[in-house]
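Only one structure is covered here, and it is reproduced in the block below.
Every number in this text was worked out from the coordinates using simple rules, so none of it is lab data. Quantities reported herein were computed from a predicted structural model and do not represent experimental measurements. Cβ placement follows ideal geometry from the backbone for every residue including glycine, while neighbour counts extend to all protein chains displayed.
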Amino acid sequence: MRAVIAEAHGGPEVLRLAERDSPQPGPGQLLVDVTIAGVNYMDIYQREGRPPYRGDVPFVPGSEGAGTVAAVGPDVPGVRQGDRVAWTGISGCYAEQVIIPADRAVPVPEEIDLETAGAVMLQGMTAHYLATDTYPVAEGDPAVVHAAAGGVGLLLTQIVKMRGGVVIATTSTLQKAELARAAGADHVASYDDFGVVVREATGGEGATVVYDGVGQATFDASLAALRRRGYMVLYGGASGPVPPVDPQRLQTGGSLFLTRPTLVDYIATREELLSRAEDLFGWIRQGKLDVRIGGRYPLAEAARAHEDLAARRTTGKLILLPR
Ligand SMILES: NC(=O)c1ccc[n+]([C@@H]2O[C@H](COP(=O)([O-])OP(=O)(O)OC[C@H]3O[C@@H](n4cnc5c(N)ncnc54)[C@H](OP(=O)(O)O)[C@@H]3O)[C@@H](O)[C@H]2O)c1
């Protein structure tokens with residue numbers, strides 16, 4: 001089977017296509033034919049070797065996807081060859097086949113296509129936990145969503161709107177601003193003036209929550225945009241990691257809360273994993289959540305997908321098509 005290998009840490013040029021033996025599922029495992037592999041910003045951090053994402057090389061990137069079960073290992077009740085499943089948090093997904101633990105496989109309902117199911121496993125579950133658990137958005141809450149036309153951003157904007165929040169979105173281009181508006185954003189600002197837009201939209205009070213996956217470039221202005229006792233949810237660093245923060249800044253900012261959440265802690269049990277997936281699939285079925293596939297790439301062009309994502313040329317979800 002073919003897989004993308006990162007030979008070393010570095011730029012997109014370290015990714016190359018290679019032939020590998022088909023893996024065999026052990027006890028509690030499934031061998032899956034990958035229909036789509038999701039591309040995520042985290043894949044870039046891992047390829048670069050950015051702490052704390054640095055792992056051993058060589059490795060097969062990718063942690064998300066959807067496909068059909070090709071073989072079932074021993075001690076896996078209730079799963080059959082041909083079943084459709086999706087997953088996140090599994091390494092080695094930029095490949096034609098992958099081994100996944102059966103207890104991390106999310107069954108995909110008949111009405112949801114594999115492309116859509118795979119596309120929401122990482123960014124969709126993230127948007128879900130951010131808006132429902134990290135800071136549960138309530139009716140009327142002004143919420144800043146940075147990079148609102150991106151993979152997480154478009155989904156998060158829609159989920160905040162479903163919960164009755166007021167979205168103040170940031171994007172870098174007019175075309176991206178249009179997409180954020182179409183997803184429900186009430187206000188769209190640039191990264192330079194979102195603080196002003198937040199003040200205007202909230203009568204000077206500030207936002208209840210800022211969802212910030214941009215990191216270094218936005219962190220200071222994000223903190224400054226919060227109201228008293230507001231929530232700073234730093235969930236990524238697309239522009240670079242945020243330097244150490246003095247806790248006193250939370251006091252002077254108005255008794256603020258700061259959290260740096262990560263998906264693995266919000267889908268730690270199978271129950272939580274399936275419950276988030278069920279919500280997402282339900283919203284998709286009901287037409288409440290639009291999943292935008294912003295780019296489809298053959299497996300051999302994984303490097304181009306990484307280049308496009310890092311260069312801010314993309315919107316929505318990027319996927320690789322191994323077959
Ligand atoms: N903590 C978690 O559980 C978790 C889970 C999933 C993702 N994340 C994080 O969420 C963020 C978004 O991930 P994603 O996969 O959905 O990517 P994405 O949002 O589709 O792509 C990143 C976007 O960030 C914006 N951006 C701003 N400054 C940038 C810069 N200097 N370089 C590159 N991009 C910049 C760009 O949008 P504009 O052009 O509009 O600025 C770009 O399109 C990432 O930080 C990722 O690590 C965290």
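Restricting to the chain, what percent of DSSP beta bridges are antiparallel, rounded to 5?
Working: 29 of 52 bridges.
Of all bridge pairs located within the chain, approximately 55 percent are antiparallel.
I need the Debye-formula profile for the range 278-323: one equal scatterer per C-alpha, no solvent, reported as log10 I(q)/I(0) at q = 0.23 1/Å, two decimals.
-0.78
First check a/c for the chain, with a ≥ b ≥ c the square roots of the eigenvalues of its C-alpha gyration tensor; if it is under 1.5, answer rounded, and if not, answer prolate when a/b is larger than b/c or oblate otherwise.
Details: a/c = 1.94, a/b = 1.63, b/c = 1.19.
It is prolate, given that a/c is not under 1.5 and a/b is the larger ratio.
Principal axes first, then extents: for the Cα atoms of the range 81-224, list largest minus smallest coordinate on each axis, whole Å, largest first.
Extents along the principal axes: 58, 29, 25 Å.
Could you check which residue among Val32, Val167, Val245 shows the biggest mean-square fluctuation in a GNM of the chain with a 10 Å Cα cutoff?
Taking springs between Cα atoms under 10 Å, the residue moving most is Val245.
Students often forget the sequence filter, so: which lysines lie under 19 Å Cα-Cα from Lys288 once same-chain residues fewer than 8 apart are removed?
List returned: Lys161, Lys317.
I need the P(r) histogram for the range 213-323: all alpha carbon pairs, bin width 5 Å from 0 out to the longest distance, whole percents.
2, 9, 13, 13, 16, 18, 16, 8, 3, 1, 0
Run the quick spin-label model on Val196 and Gln175: label points 7 Å from Cα toward the beta carbon, then report their separation in nm to one decimal.
In this crude spin-label approximation the distance works out to 2.6 nm.
Between Asp290 and Met162, what is the label-to-label distance in nm when each label sits 7 Å out along the Cα-to-Cβ direction?
About 1.5 nm separates the two model spin labels.
Quote the charge dipole size of the chain about the Cα centre in Debye, to the nearest 20; the model charges only the Cβ of Lys and Arg (+1) and of Asp and Glu (-1). Provide the component values of the computation, followed by the final result.
Details: 30 positive and 38 negative charges, 77 e Å.
Taking the Cα centre of the chain as origin, the dipole is about 360 debye.
Could you work out the helix-only [θ] at 222 nm for the chain, with each DSSP H run of four or more residues adding -39,500 (n - 2.57) and the total divided by the number of residues, to the nearest 500 deg cm²/dmol? Walk me through the numbers before you get to the answer.
Details: 10 runs with 86 residues, N = 323.
The helix-only estimate for the chain comes to -7500 deg cm²/dmol at 222 nm.
Is the range 163-252 best put as rounded, prolate or oblate by its Cα gyration tensor, with a ≥ b ≥ c the root eigenvalues, rounded for a/c under 1.5, and otherwise prolate when a/b is larger than b/c, oblate when not? Don't skip to the answer; put the middle values down first.
Values: a/c = 1.98, a/b = 1.29, b/c = 1.53.
Oblate.
Please find the FRET efficiency linking Ala224 to Asp113, where r is the Cβ-Cβ separation and R0 is fixed at 45 Å, and quote it to the nearest 0.05. The partial results should precede the final answer.
Details: r = 43 Å, r/R0 = 0.95.
After rounding to 0.05, the efficiency reads 0.60.
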